[in-house]
Amino acid sequence: MVDRYINKALKAEHIISIPIERFKIAELEELSNKAKKNNIVITLKAEYSNIYQGVLVNLIKRDIINDEFIKWM
């Protein structure tokens, strides 16, 4: 599962968001290590929309981070 999300983030030109409850603690550790090796930034954000309410794990390639992303955070 972790590799699938890393690969999605590497191919995407946008933020990949995943509900935190999909991960076990060991998978979050694996995600963190693999993201660092692949130059991917991980953030956590509380979401309160009509679609989802909870904590999201966000993945984005470091080289596409811009002011819009920083304002969103």
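FYI, it's all coordinate maths here, none of it is from the lab. All values derive from a computational prediction rather than experimental measurement. A quick note on method: Cβ atoms are made from the backbone with ideal geometry, for glycine too, and the neighbour counts reach across all protein chains shown.
The table that follows gives values for the structure above.
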read-out	value
Pair N66, E13: separation of 7 Å Cα→Cβ label points (nm)	1.0 nm
Residues L56, L31, sorted so that the one with the fewest Cβ neighbours within 10 Å comes first	L56, L31
The chain: Rg to Rh, with Rh as the Kirkwood radius over Cα pairs	0.95
Extension reserve of the Y48-R4 stretch, reckoned as 0.36 nm per residue once the Cα distance is removed	13.3 nm
Estimated vicinal HN-Hα couplings, Hz - region 44-57 in sequence order (Karplus 6.51, -1.76, 1.60; Gly, Pro = x)	10, 9, 6, 10, 10, 8, 5, 7, 8, 10, x, 9, 10, 8
Relative contact order (%) - criterion: Cα under 8 Å, at least six apart; region: region 2-72	37 percent
